[in-house]
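Each reported figure results from applying straightforward, stated rules to the coordinates on display, with no laboratory input. Being a predicted model, the structure only gives us computed values, none of them experimental. No Cβ is skipped: glycine too gets one built from the backbone with ideal geometry, and neighbour counts run over all protein chains shown.
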Amino acid sequence: MAQLMRAPTICFNPKLFPKHTRNRMALNANNMTSSLNNNTNNRKLPILLFDIMDTIVRDPFYHDIPAFFRMSFKELIECKHPTAWIEFENGVINEEELAGKFFKDGRPFDLEGLKNCMRRGYSYIDGIEQLLQALKQNNYEMHAFTNYPIWYKIIEDKLNISNYLSWTFCSCIYGKRKPDPYFYLAVVEHLKVDPVSCIFIDDRIKNVEAAVGIGITGLHFKNPDLLRQDLERLGVDISIDGHVSENQLKPAEGQT
């Protein structure tokens, strides 16, 4: 089963923050928690926060992009600039600036060709769209919470992910990337809910651990079937048209 991680109260990992800021942040978080409690009465909870790449959408970076450059993945990692993509994800540079520094040696390449390669590589992870459909039908509020550049619009144009969730929390808009705890705090502040009213799903365990560090329930994504099981275990309704899901029909372990 996918790994479930939960923190029942807001507790900051002391390694995440400098000592002189921890007390101030704890106070701010506590004030935020008390002030937001009154805003959840008429809202269906939990709110679901989804990572996008390799959680909902296949990431073309590991296979398609090296092939586009006629390189192995190892060769691509050795040649590319160490921070250019991160800067692009944070919205610090635009795509033209990315093209100028994507490679350490500044070599030119076909930017439009790269974008088209990525477009072709984007597809839903097998089984995840059906799960999103069920959650949407049951009126759960869902948001993208992703490290990605402005090219998230290419994903949207191809896959229409906004049919299921909102592209609310993208690193290129906020100028922050997971697992920066300040990004997570910005999310719950924007949503005006307690952290414990959110479930965060991501394929990277360090991002899940950061969510748990501020009190969000975290699920380490491995595949849609295990995610479905864990969401049901947390009480999330994934029935469709009044029918229980296949997992809900299975007897509990030890029962016949």
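Might you report the magnitude of the Cβ-based charge dipole of the range 63-121 about its Cα centre, with Lys and Arg at +1 and Asp and Glu at -1, to the nearest 20 debye?
220
Which shape class applies to the range 63-121: rounded if a/c is under 1.5, otherwise prolate when a/b exceeds b/c and oblate if not, where a ≥ b ≥ c are the square roots of the Cα gyration tensor eigenvalues?
Values: a/c = 1.60, a/b = 1.20, b/c = 1.33.
Here the range 63-121 falls in the oblate category.
Report, by chain and number, residues whose modeled amide H sits under 5 Å from the one on PHE103, excluding near sequence neighbours (fewer than 5 apart, same chain).
The answer is HIS81.
What residues qualify as long-range amide H neighbours of VAL57, i.e. H under 5 Å apart, gap of 5 or more or another chain, H built at 1.01 Å from N?
ILE125
Amide H to amide H under 5 Å from LYS222: which residues, 5+ apart in sequence or cross-chain, H placed 1.01 Å off N in plane?
LEU227
Going through the cross-link list LYS136/LYS192; LYS80/LYS192; LYS80/LYS206; LYS115/LYS192, which pairs have a Cα-Cα distance over 31 Å in this structure? If you can, show how the numbers build up before the last one.
Numbers: LYS136/LYS192 21 Å; LYS80/LYS192 40 Å; LYS80/LYS206 24 Å; LYS115/LYS192 36 Å.
Long pairs (Cα-Cα over 31 Å): LYS80/LYS192; LYS115/LYS192.
Can you work out ³J(HN,Hα) from phi for every residue in the range 165-175, in order, using Karplus 6.51 cos²θ - 1.76 cosθ + 1.60 and θ = phi - 60°, giving whole Hz and x for Gly and Pro?
9, 9, 7, 7, 10, 10, 4, 5, 8, 8, x
Based on Cβ point charges of +1 for Lys and Arg and -1 for Asp and Glu, what charge dipole magnitude is obtained for the range 97-230 about its Cα centre, in debye rounded to the nearest 20? Please report the intermediate quantities before stating the final value.
Details: 17 positive and 17 negative charges, 70 e Å.
Around 340 debye, computed over the range 97-230.
Between MET71 and ASP157, what's the calculated FRET efficiency when r is the beta-carbon distance and R0 is 22 Å? Round to 0.05.
Values: r = 27 Å, r/R0 = 1.23.
Result of the calculation: an efficiency of 0.20.
Testing the spin-label approximation: label points 7 Å from Cα along Cα→Cβ at ASN138 and PHE103. State their distance in nm.
5.0
Of PRO82, PHE68, LEU111, which is farthest towards the positive pole of the range 63-121's charge dipole, taken about the Cα centre with +1 and -1 on the beta-carbons of Lys, Arg and Asp, Glu respectively?
PHE68
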